[in-house]
Structure formats: C-alpha cells, structure tokens
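Q: Next up is a structure, given as structure tokens.
The values are calculated or read from the model by the stated rules, or taken from the named source; none is laboratory data. Computed from a predicted structure; not experimentally measured. Note that each Cβ is placed from the backbone with ideal geometry, even for glycine, and that neighbours are counted across all protein chains shown.
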Amino acid sequence: MSGEKIGLMVRSEAGPGILHQLTGVIARHSGDITLVEIIESVPPDSRIYFEIDLPGDSAALAAEMRSLPVVREVAIVKTFQKIYGKRIIIMGGGAQVGQVAIGAISEADRHNIRGEHISVDTIPLVGEQSLADAVRAVARLPRARALVLAGSLMGGEIEQAVREVREQGLLVISLNMAGSVPDAADLVVSDPVQAGVMAVMAVADTAKFNVARLKQRVF
C-alpha cells in the first residue's frame, strides 16, 4: 500500500506525550493526518485511530511505529470513508425520524449496491436547545454530508444553528413543519420518506440529482 489514504489502529500505553510520539512517526514518513480519534484511553492502555494521506510505504511507517517502546500493537485497516462513506444525519421527533430513515436507508441501499458508500445515522431529540446543539455538532462529525430535520415544530435557536452549518457546507433538508427552520433549510420536503430519499440522492455520486439545479426548494 502506498500513495493513498490508510487507516492505522494503534494500541499503546496511555498517558501524557503518547500522541506526540505517534504523530512524530507519521510526520517522519510525510503522512498527512486527516482524522484522529482516541477510541479508548483507560490506563494502562489506549486505542487510537488515524486516517492518513501517505505518499510512501505504509508497511515502513507501521514498522517504525511498532518499534516505539510505548506501542503494543499496530494494524493497517480500511478507512471509515472506504467502509461507511458519506453520512446522512437524521434528527428530530422519533416517529418522523423513523419515516425519514425508511426512505434514506432504502435509497442508500440502491446506491451502495452500485458501489457507493453511504451510511445513515439517526437520533430522536426534543427541545429547542438540545436540537440546536445537535445541529451544530453535525458540522464536527467526520464525513457528514447532509442533515435532515424531522419534526412538527422547530425554530428559534435551531434556525440559527441551521444557518451556521449551511455556511460550513452542510446540506440541510427540513420536513415541511411549523416554525422558522423550513425557511432556513436548503430543501423543504412534505413527505418524510421522500425527504430521506432526496437526502441520499443529493450526496450520492451515483445519482444525477443536483440540489443547486432545482427551480424550487419546497416539495
């Protein structure tokens, strides 16, 4: 494996300075870290996952990392992008979330069979502040490409959060509901199943659907 993005799973000692030692090895091999996640850090062990754009030999990088006294195990693995791909996030009321998920999962299955990689995440939530916090957090989620807001009433702080994440490049689809969130979304879809379908079509490379070319935004 060389000249590509790799996943690296490292089991090491836990404690201060461990991450510095691991990233030092990656830097010496001219690796560009695109994702790092401390999956578990319970002394005496820590499990750390990296995704790295690596111009050189992944075996050589792994061998040098294994030579560090603090490292117990190193494995080269497939990246989350390769396995789970783009993420669709659905949040809001439980019943509506479930209906949107039906459409999104069915459509994702159709595209994934053709070689796409799209995964669907759901979280039933209520409350203006809880939803606003969750919307803002989607912009920090790796590989999140679209958010579907599924509920019967959303506005206030949630609307502001929607405007913020859209500015960061996230596609936001809203069900046609009461409140000001539909005014802030990229698309407004009345049928929850169709909302899920359109979210997947909008991010799939195997689809010809382009939100920017739509002549209307409410369906």
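Q: As an exercise: evaluate residue 161 against (1) hydrophobic (A, V, I, L, M, F, W, C); (2) in contact with a strand residue (DSSP E or B) (Cβ under 9 Å, 6 or more places away or on another chain); (3) closer than 30 Å to residue 51 by Cβ and give the number of the one condition it does not meet.
A: (2) is the only condition that residue 161 fails.
Q: Criterion first (crowded, with 20+ Cβ neighbours inside 10 Å, at negative phi and modelled with pLDDT under 95) does residue 81 satisfy it?
A: On the way: crowded, with 20+ Cβ neighbours inside 10 Å: no; at negative phi: yes; modelled with pLDDT under 95: yes.
No; evaluated as a whole, the condition is false for this residue.
Q: Something else now. Across region 44-69, which residue is nearest to the chain's Cα centre (by Cα) among those that are surrounded by 15 or more Cβ atoms within 10 Å (Cβ to Cβ) and farther than 30 Å from residue 113 by Cα? Please lay out each step first, then the result.
A: Of region 44-69, the ones surrounded by 15 or more Cβ atoms within 10 Å (Cβ to Cβ) are 46-52, 54, 58, 61-62, 64-65, 68.
Filter once more, keeping what is farther than 30 Å from residue 113 by Cα: 46-48, 61-62, 64-65, 68.
On the way: 46: 23, 47: 20, 48: 18, 61: 27, 62: 26, 64: 30, 65: 28, 68: 32 Å.
Taking the candidates together, the pick is 48.
Q: If the Cβ limit is 9 Å and pairs must be 6+ apart or interchain, which residue in region 168-194 that is assigned by TED's automatic domain parsing to the domain that holds residue 96 and under 11 Å from residue 100 (Cα atoms) pairs with which residue that is among the hydroxyl-bearing types (Ser, Thr, Tyr) and surrounded by fewer than 21 Cβ atoms within 10 Å (Cβ to Cβ)?
A: 175/152; 175/190; 193/106
Q: Only one residue in 133, 109 is within 27 Å of residue 37 (Cα to Cα), assigned to a helix (DSSP H, G or I) and not β-branched (Val, Ile, Thr). Which one?
A: Values: 109 fails: within 27 Å of residue 37 (Cα to Cα).
Checking each option against the conditions leaves just 133.
Q: May I pose another question? For residues that are of a type in the set (Lys, Arg) and within 13 Å of residue 70 (Cβ to Cβ), tally how many sit in region 1-46. Walk me through how you get there before you give the answer.
A: Step one: list which residues in region 1-46 are of a type in the set (Lys, Arg), which gives 5, 11, 28.
If we keep only those that are within 13 Å of residue 70 (Cβ to Cβ) too, we end up with 11.
Of the residues in region 1-46, 1 are of a type in the set (Lys, Arg) and within 13 Å of residue 70 (Cβ to Cβ).
Q: Specify the residue that is surrounded by the most Cβ atoms within 10 Å (Cβ to Cβ); the eligible residues are those in region 102-155 that are closer than 22 Å to residue 168 by Cα and polar (S, T, N, Q).
A: 122
Q: Let me ask another. Suppose the filter is of a type in the set (D, E, K, R), assigned to a helix (DSSP H, G or I) and closer than 24 Å to residue 84 by Cβ; does residue 121 pass it?
A: On the way: of a type in the set (D, E, K, R): yes; assigned to a helix (DSSP H, G or I): no; closer than 24 Å to residue 84 by Cβ: yes.
For residue 121, the condition - of a type in the set (D, E, K, R), assigned to a helix (DSSP H, G or I) and closer than 24 Å to residue 84 by Cβ - is not met.
Q: On the given criteria, is residue 159 surrounded by fewer than 17 Cβ atoms within 10 Å (Cβ to Cβ) and part of a helix (DSSP H, G or I)?
A: Numbers: surrounded by fewer than 17 Cβ atoms within 10 Å (Cβ to Cβ): no; part of a helix (DSSP H, G or I): yes.
No: the conditions fail for residue 159.
Q: Oh, and also: Looking at 89, 102, which is the one that is in the same structural domain as residue 189 (by TED's automatic domain parsing), in contact with a Leu (Cβ under 6 Å, 6 or more places away or on another chain) and touching a residue at least 40 places away in the same chain (Cβ under 8 Å)?
A: Values: 102 fails: in contact with a Leu (Cβ under 6 Å, 6 or more places away or on another chain).
89 is the lone residue from the list that is in the same structural domain as residue 189 (by TED's automatic domain parsing), in contact with a Leu (Cβ under 6 Å, 6 or more places away or on another chain) and touching a residue at least 40 places away in the same chain (Cβ under 8 Å).
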